[in-house]
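Chemist: Can you keep this structure in mind? I'll have questions shortly.
The values are calculated or read from the model by the stated rules, or taken from the named source; none is laboratory data. Because the structure is predicted, anything quoted here is derived from the model rather than measured. FYI the Cβ positions are ideal-geometry reconstructions off the backbone, even for glycines, and counts take in every protein chain you see. Accessible surface is based on the protein model in full, side chains and every heavy atom, while ligands, DNA and RNA are left aside. Shrake-Rupley method; radii C 1.70, N 1.55, O 1.52, S 1.80 Å.
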Amino acid sequence: MSLPSVILSATGLYTPPYSISNDEMVAAFNQYVVHYNQQHAEEIAAGTLVAKQESSSAFIEKASGIKSRYVMEKTGLLDPDFLCPRLPQRPDDELCLQAEIGVAAAQDALKQRGLTGADVDMILLSCSNMQRAYPAVSIEIQAALGSTGYAFDMSVACSSAVFGLQTAYNAIACGNAKRVLVISAEICSGHMDFRDRDSHFIFGDAATAMLLEREDLVDDAHRGFAILGTSLSTTYSNNIRNNFGFTNHCDPEHQFGDDKLFKQQGRKVFKEVSQAAGEHIVKHLQKLNIQPENIQRFWLHQANQNMNQLIVKRILGREASAKEAPIILDRYANTSSAGSIIALHLHQEDLKQGDLGVISCFGAGYSIGSVIVQKR
Ligand code: CO8
């Protein structure tokens, strides 16, 4: 018995209402640094405390390619005495913030396909951070969209979108679902340490959705992409870590430590993950007997512009053009699992029937995933 083909028929995007430029972010951070160093002047002079150093927009843009980011709330984040988005907890009978932005991205995808939530029978919320433990936020999204079937949350950090894609693909291919929404709703600003010079600039917020369908359900007017293959890989590393979790309150001494927010060894991650991601994609293409030069588009995880250029150079043996490997992190920053899907959403219109593309995510875990698609 042959498995049914699976089509990625539509994508959706939710962009938060507020944008913050590097200059705005650095100004707030540097004011915090001045206050901190003034408040601790005696310890710093005595050599018992290290003075904090200022951040710089020029460094951020050169090191990462990031110029600005979108966020769900801006005033708290730019308040040097708070440096955290103000996101008040909502009553339990209101849609939670993460479900709200997930629903918005899902509705964008459904609209493009001319469907409603009632046409969907499986929903995955696949992203780095869940707003709560239970009930699963995906089930709240399922209720808000009026979908049937089942929903669950899953997380593989920045690689969550492609891990979700493979999970959805398998569910359709095995006959457990007909139409699946894979949603990556990332409120990264809630998990950042905006007092840390090394990482305060890295992330932004956004939500994406991908609609996957059994091929026979997709009409000629909505051709989408055929999924030719998926490949996932993980190797344990502590170089990107966040110790936030349900046992935190059992240790009041460390409950609110810096390690309960995003931390990374950026240099090591850059080197190790660039190499591993390039090799992963090359192997995946070899397995499918596809020559790298026959790929028209690389929708890569959007963490660092220099990293993406290096990865595609490893694959193609030459520099890639901006069209071949589009960058959206200049405007959105790193939106974790949403990044490569934002690139796919915004940079696919020009592709012709038969064109090939690679969707790839990489990040904490380490985790790497690739999905090879062909325009129908
Ligand atoms: N302003 C000025 N100078 C700075 C700043 C700053 N803001 N930050 C650091 N510097 C200084 C450093 O102190 C250092 O100084 P010195 O040379 O005197 O020691 C110098 O600049 C160079 O610092 P780095 O070596 O750290 O700089 P890099 O060139 O390596 O750039 C990057 C830093 C941009 C972080 C880069 O290393 C990078 O992008 N690495 C890859 C990151 C990545 O891909 N991460 C994986 C994805 S994230 C993920 O998977 C997380 C999932 C969970 C998401 C949760 C959401 C919250």
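Chemist: If I take all pairs of Cα atoms in the range 142-299, what percentage of them are more than 28 Å from each other? Please report the intermediate quantities before stating the final value.
Modeler: Values: 4695 of 12403 pairs.
Tail of P(r) above 28 Å: 38 percent of Cα pairs.
Chemist: Sorted by accessible area (1.4 Å probe), largest first, how do 73, 42, 213, 319 line up? Walk me through the numbers before you get to the answer.
Modeler: Working: 73 30, 42 155, 213 0, 319 110 Å².
Of 73, 42, 213, 319, the descending order of accessible area is 42, 319, 73, 213.
Chemist: Then there's this: Kirkwood hydrodynamic radius, computed over distinct alpha-carbon pairs, for the range 225-375: how many Å, to one decimal?
Modeler: Values: mean 1/r = 0.0609 Å⁻¹.
Result for the range 225-375 stands at 16.4 Å.
Chemist: Could you work out how far apart the two model spin labels at residue 350 and residue 249 are, taking each label as a point 7 Å from the Cα in the direction of the beta carbon, and quote it in nm?
Modeler: Output for this residue pair reads 5.2 nm.
Chemist: Where does the Debye-calculated log10 I(q)/I(0) of the range 6-70 sit at q = 0.13, 0.14, 0.20 Å⁻¹, using only Cα point scatterers of equal weight, no solvent?
Modeler: Debye intensities relative to I(0), on a log10 scale: -0.56, -0.61, -0.86.
Chemist: Once R0 is set to 35 Å, what does the formula 1/(1 + (r/R0)^6) return for the Cβ-Cβ distance between residue 221 and residue 330, expressed as a FRET efficiency to the nearest 0.05?
Modeler: Working: r = 33 Å, r/R0 = 0.95.
My answer for the efficiency is 0.60.
Chemist: Divide by every residue of the chain the summed helix terms, -39500 (n - 2.57) for each DSSP H run of at least 4, and state the resulting mean residue ellipticity at 222 nm, rounded to the nearest 500 deg cm²/dmol. Walk me through the intermediate numbers first.
Modeler: Values: 10 runs with 118 residues, N = 376.
That comes out to -9500 deg cm²/dmol.
Chemist: Taking the Cα centre of each part, how many Å lie between the range 327-376 and the range 152-191?
Modeler: When both Cα centres are located, 14 Å separates them.
Chemist: Something else about it: Apply the Karplus curve 6.51 cos²θ - 1.76 cosθ + 1.60, θ = phi - 60°, to the phi angles in the range 30-43 and return the couplings in whole Hz, x for Gly and Pro.
Modeler: Computed from phi, the couplings for the range 30-43 are 5, 5, 4, 4, 4, 4, 4, 5, 5, 4, 10, 4, 5, 5 Hz.
Chemist: Using 7 Å Cα-to-Cβ label points, what is the residue 265/residue 92 separation (nm, one decimal)?
Modeler: 4.3
Chemist: Please give the contour-minus-distance gain from residue 81 to residue 289: 0.36 nm per residue of separation, less the Cα-Cα distance, rounded to one decimal in nm. If you can, show how the numbers build up before the last one.
Modeler: Working: separation 208, 0.36 × 208 = 74.88 nm, distance 5.57 nm.
Contour length minus the Cα-Cα distance gives 69.3 nm.
Chemist: Quote the FRET efficiency, to the nearest 0.05, computed for residue 272 versus residue 313 with a Förster distance R0 of 25 Å and r equal to the Cβ-Cβ distance. Provide the component values of the computation, followed by the final result.
Modeler: Numbers: r = 17 Å, r/R0 = 0.67.
FRET efficiency, residue 272 to residue 313: 0.90.
Chemist: Of the peptides 75-85, 93-103, how do they stack up when ordered by the mean number of other Cβ atoms within 10 Å, highest first?
Modeler: Working: 75-85: 16.5, 93-103: 19.8.
Top of the packing list down: 93-103, 75-85.
Chemist: Over the chain, give the accessible area per residue in Å² for a 1.4 Å probe, as an integer. Provide the component values of the computation, followed by the final result.
Modeler: On the way: 17120 Å² over 376 residues.
Per-residue accessible area for the chain comes out at 46 Å².
Chemist: Please calculate the 1.4 Å probe accessible area of residue 24, with all protein chains present, and give it to the nearest 10 Å².
Modeler: Roughly 70 Å² of residue 24 is accessible to a 1.4 Å probe.
Chemist: Given 0.36 nm per residue, what is the gain on full extension from residue 296 to residue 282 after removing their alpha carbon distance, in nm?
Modeler: On the way: separation 14, 0.36 × 14 = 5.04 nm, distance 1.46 nm.
Gain in length upon complete extension: 3.6 nm.
Chemist: If I take every Cα pair under 8 Å that is 6 or more residues apart in the range 225-375, average their sequence separation and divide by the length, what percent do I get for the relative contact order?
Modeler: Once normalised by length, the contact order is 35 percent.
Chemist: Quick one: pull the percent of accessible area on the chain belonging to carbon and sulfur, 1.4 Å probe, ligands and nucleic acids left out.
Modeler: Working: 8640 of 17120 Å².
Roughly 50 percent of what the probe reaches on the chain is carbon or sulfur.
Chemist: Cα-based Rg (one decimal) and Dmax (whole number) for the chain, in Å?
Modeler: When restricted to Cα atoms, the chain yields Rg and Dmax of 21.0, 76 Å.
Chemist: How high is the relative contact order of the chain? Use alpha-carbon pairs under 8 Å, at least six apart in sequence, and give a whole percent.
Modeler: On the way: 827 pairs, mean separation 86.2, N = 376.
Here the relative contact order equals 23 percent.
Chemist: While we're here: Can you compute the FRET efficiency between residue 236 and residue 63 using 1/(1 + (r/R0)^6), with r the Cβ-Cβ distance and R0 = 25 Å? Round to the nearest 0.05. All intermediate terms of the calculation are to be shown ahead of the outcome.
Modeler: Details: r = 26 Å, r/R0 = 1.05.
Rounded to the nearest 0.05, the efficiency is 0.40.
Chemist: Can you give the extra length, in nm with one decimal, that the chain gains between residue 50 and residue 323 once fully stretched, where that is 0.36 nm per residue apart less the Cα-Cα distance?
Modeler: Working: separation 273, 0.36 × 273 = 98.28 nm, distance 4.48 nm.
This chain segment gains 93.8 nm when fully extended.
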